[in-house]
Amino acid sequence: MTYGIIQIVLFLSVVLLLVKPLGWYMARVYENKPCGLDRILGPVERAIYRLCGVNPTNEMGWKRYTVAMLAFNAAGFFVLYALMLLQGFLPLNPQHFPAVAPDLAFNTAVSFITNTNWQAYGGETTMSYLTQMLGLAVQNFVSAASGMAVLVALIRGFVRRNSQTIGNFWVDLTRSLLYILIPLSLIIAILLASQGVVQTFKPYPTATLVEPVTMADGNSVAEQTIAVGPTASQIAIKQLGTNGGGFFNTNSAHPLENPTPLSNFLEMLAILLIPASLCYTFGKMAGDTKQGWAVLASMVIIFIGLLALCCWSEQKGTPQLISAGADLQPSVTQSGGNMEGKEVRFGIFNSALFATTTTGTSCGAVNSMHDSYTPLGGMVPMWLIQLGEVIFGGVGSGLYGMLAFAILAVFIAGLMVGRTPEYLGKKIETFEMKMASLVILLPICLALIGTAVAVATKAGQAGAFNPGPHGFSEILYAYSSASNNNGSAFAGINCNTPFYNFTLAIAMLGGRYLFKILVLAIAGSLAAKKYVPASAGTLSTSGPMFVILLISVVIVVGALSFIPALALGPIVEHLMMIGR
Amino acid sequence: MMRILRQAVACIVIFTVITGVIYPLIVTGFAQLVFPHQANGSLIIDNGKTVGSSLIGQSFSSPKYFWARPSATSPTPYNAANSSGSNLGPLNPALAENVKARITQLKAADAASKQAVPVDLVTASGSGLDPDISPASAEYQVARVAKARNLDETKIRELVVKLTKNRQLGILGEPRVNVLELNLALDNIPNK
């Protein structure tokens, strides 16, 4: 218990300590200033522009920027889709996996280009090393970089005055990859490999079991085949890019994907590192770092509140486990609590912390099975996703989502005093408000409509694995996860069916690209505006009052939208649990 | 428009080469050179034979071995080629039944025990491959293993304590005992 709290404090302290240096560095990268690494990688950067026929000084308006982003993502989709369909004929497939089924390949390609990494497959039983490395891992990098590019474009919208342009997509993409994502991934990958995350191209090794296992049919199994692969390199970017698509079926619960408490700490750190630091980058580029700290403070406060609920609920466990005869009492020799679906090396606190981290951001990696969480413990990750992935959020996408909430917050404050709202010296007018409202409503609608369609159809109902309200929770979680590009699941759900593969892909596409287009439209509109100096009547957006306002808006919108649905799932399940 | 498409295709090709070929090759080269044991799966070789991985659990059911946690992988428990949790919801009757059946098994193997059964010993892990049990779960089994092996309980307990991993760097994670390593060490105790 005490150790659990110490670990949480340590974790958050390390994240917050790194926010300023990394945030500062990323601001240098995006403002095209010397950042150190450009001395070595500058020639590579220029070579990329030459090979792609890009003039880096060529600025784009928001529409052109959007088209470039969409074209790049579409190209990525086709490469990945083709790789999955052709993997049977391609090299680096030591386990001889056949082509991926077309509906699953479609779902997976959409899932990875949208930074969702929803997985209707088990990695070690479906994907060749080549597909993982050349397809999935590449999208881990570039989908993250796409999100960062859109964020930077939005920040420029606030910063620029009377401008028709918001930057160059190719430059933002290239610099995100070369100077931020690749160097950080190299460091994390090597640290993870030191802990035991595998990194090899050899076929799966076989071990002779110490004690052969007798199967139900009386046959005996004496060997254990151990899935391996080029894992560490992929896991590093899976975490850093808030992607979350596991190399293995059980993701970061798998001992070869997350072998030790230290690797777990690094993986959690890698999830929060960039999204948290981007808040500082935002403040730095906007010329007032307090603005970034205010947004970050709002995120941290909501995060801690929900984390506490999750830890408490998981540590308490369920009366069902206790009455079955298990000892759930924490002590120096066991973590106790609800250990179904959790690993001993992580125990309760590191599982709950990982779950909160991965769903507050749009990561979706898991180190424990959320489906087996207690009703309230499992509601925390689900609701964090439903809040719109803004509690740190995805790389880039989290902060541009949160800035939409900030626009809504200043608008509400403006209504109270009867003034045109302003944010960072830009007047927030009808167009921005319409777009920001759509940004907030879009994933909510996709999640709720998707769930409604699934529970109303036979094909949808067939997916539920657990009986009762928990089966409903599985479906609600799935559409919330897809619409908000998280990718984690209540994994019992049987979602590798044409119905789920197709409808969840629609939710992912809408949640990613419509969202981004709206954000870029806001960016274009803001960039064209003139600067309004702050006056006595301007609401300060860097103080505690704004932090409270922003938290309230996020919570109220999230609660109003989802409490009716949550009441049918985790809330009624909790009542059933304590009622007997 | 055509120009943007050309740029998009060129970009995805170049970044596929950089992040999909060069980057993983650098990581593989480094890992194989500096951490070859870890990079290849932390395999345990005993007399030239691979007997498992120190990171991957195995199933044990004989009273003379420490038992690992239940595993939900199929078709066999601890199938390291197809990791899986049970995904049973907290109120799913199957979960309570599994726990009860497991407790019955444990009690049947050691009728004399009056200890409470630690929760991790009766619940399936997330991966289905958890190599560890809590020290409490190891202690629960000491008497049974000692009896089955006709050894002194203190001797077994000493071994458990010796093989218990504490929190990493003194802070991180939970104390734990690696079941496969413990059982291999048991088999290496010379017979009296």
I need the calculated FRET efficiency for the pair B:Ala101 and A:Val44, taking r as the beta carbon distance and R₀ as 45 Å, to the nearest 0.05. 0.15
Which one of A:Leu448, A:Ser535, A:Ile113 is farthest out on the positive end of the charge dipole of the protein assembly as shown, using unit charges on Cβ (Lys, Arg +1; Asp, Glu -1) and the Cα centre as origin? A:Ser535
Looking only at other chains, what is the average number of their beta-carbon atoms within 10 angstrom of each beta-carbon in A:186-195? 4
Let me make sure I get this right: for the range A:298-380, a, b and c are the square roots of the gyration tensor eigenvalues over alpha carbons, sorted descending. Under 1.5 in a/c it's rounded, otherwise prolate if a/b > b/c, else oblate. Which is it? prolate
Could you name the aspartates and glutamates whose alpha carbon sits less than 15 Å from that of A:Lys426, not counting residues in the same chain fewer than 8 places away? A:Asp288
Per residue, how much accessible area does the range A:213-312 have with a 1.4 Å probe, in Å²? 23
19 Å Cα-Cα threshold exceeded, pairs from A:Lys434/A:Lys529; A:Lys238/A:Lys284; A:Lys202/A:Lys238; A:Lys238/A:Lys342; A:Lys290/A:Lys434: A:Lys238/A:Lys284; A:Lys202/A:Lys238; A:Lys238/A:Lys342; A:Lys290/A:Lys434
Fraction of accessible area attributable to carbon and sulfur, the range B:43-187 (%, probe 1.4 Å): 53
Once you order the gyration tensor axes a ≥ b ≥ c over the Cα atoms, which shape class does the protein assembly as shown get: rounded for a/c under 1.5, otherwise prolate or oblate by comparing a/b with b/c? prolate
Report, in degrees rounded to the nearest 10, the 0 to 90 angle that the Cα long axis of helix A:347-360 makes with the longest principal axis of chain A. 40
Could you give the dipole magnitude of chain A about its Cα centre, charging the beta-carbon of Lys and Arg +1 and that of Asp and Glu -1, in debye to the nearest 20? 2180
For the pair A and B, the solvent-accessible area buried on both sides (1.4 Å probe; DNA, RNA and ligands excluded), in Å² to the nearest hundred, is 8700
Distance from a point 7 Å along Cα→Cβ of B:Ile189 to each backbone N in the range B:136-155: keep the residues under 13 Å and list them by number. B:141-155
Measure of exposure for A:Met26: accessible area at 1.4 Å probe, Å² rounded to 10, is 0
Over what distance in Å are the Cα centres of the range B:53-126 and the range A:501-525 separated? 44
Using 0.36 nm per residue, how much length does the chain from A:Thr420 to A:Ile555 gain when fully extended, once their Cα-Cα distance is taken away? 46.2 nm
Please check: in the Gaussian network model of chain B (C-alpha springs, under 10 Å), which one of B:Thr50, B:Thr154, B:Thr104 has the largest mean-square fluctuation. B:Thr50
In nm, to one decimal, how far is the modelled label at A:Leu92 from the one at A:Asn55, with both set 7 Å along Cα→Cβ? 3.7
Given chain B, what count of lysine pairs have C-alpha atoms under 17 Å apart, with each pair 8 or more places apart or on different chains? 10
Label-point gap, in nm, between A:Ser535 and A:Leu10 - each point 7 angstrom along Cα→Cβ: 5.4
Any idea how far the Cα center of the range A:395-431 sits from the one of the range B:29-46, in Å? 52
Label zone at B:Ile26 (point 7 Å along Cα-to-Cβ), backbone N below 17 Å, the range A:238-262: A:238, A:240-241
Which of B:Ala185, B:Ser59, B:Ser113, positive extreme of dipole for the range B:43-187 (C-beta unit charges): B:Ser113
State to the nearest 20 debye the size of the charge dipole of the range B:1-124 about its Cα centre, where the only charges are +1 on K and R beta carbons and -1 on D and E beta carbons. 140
For B:Asp152, A:Asp38, the accessible-area ranking with a 1.4 Å probe, largest leading, is B:Asp152, A:Asp38
Relative to the isolated chain, which residues of the range B:103-132 have their accessible area cut by 40 Å² or more in the presence of all protein chains (1.4 Å probe, heavy atoms, no ligands or nucleic acids)? B:Val119, B:Gly126, B:Ser127
Sites B:Val17 and A:Ile412, calculated FRET efficiency, Cβ-Cβ separation with R0 51 Å, nearest 0.05: 0.60
Residue among A:Met339, A:Ser220, B:Pro70 farthest towards the positive dipole end of the protein assembly as shown, charges placed on Cβ: A:Met339
Chain A, relative contact order in percent, only Cα pairs under 8 angstrom and at least six apart counted: 19
Give me the percent of the accessible area of chain A that comes from carbon and sulfur atoms, probe 1.4 Å, all protein chains in place. 69
Accessible area per residue, 1.4 Å probe, Å², for the range B:116-192: what's the number? 39
Once a ≥ b ≥ c are taken as the square roots of the eigenvalues of the Cα gyration tensor of the range B:1-119, is the result rounded (a/c under 1.5), prolate (a/b larger than b/c) or oblate (a/b not larger than b/c)? oblate
For the range B:43-187, what is the charge dipole size about the Cα centre, in debye to the nearest 20, if Lys and Arg each add +1 at the Cβ and Asp and Glu each add -1 at the Cβ? 240
Could you rank the peptides A:490-497, A:359-366, B:42-49, A:434-441 by their average count of other C-beta atoms within 10 Å per residue, with the highest value first? A:359-366, A:490-497, A:434-441, B:42-49
Accessible area in square angstrom per residue, the range B:1-94, 1.4 angstrom probe: 39
According to a simple spin-label model (label point 7 Å from Cα along Cα-to-Cβ), what is the distance in nm between B:Asp152 and A:Glu31? 7.1
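The values are calculated or read from the model by the stated rules, or taken from the named source; none is laboratory data. On a predicted model such as this, the values are computed, not experimentally measured, just so you know. Heads up, the Cβs are rebuilt from the backbone with ideal geometry, glycines too, and the neighbour counts pull from every protein chain shown. For accessibility, only protein heavy atoms count, side chains too; no ligands or nucleic acids. Shrake-Rupley method; radii C 1.70, N 1.55, O 1.52, S 1.80 Å.
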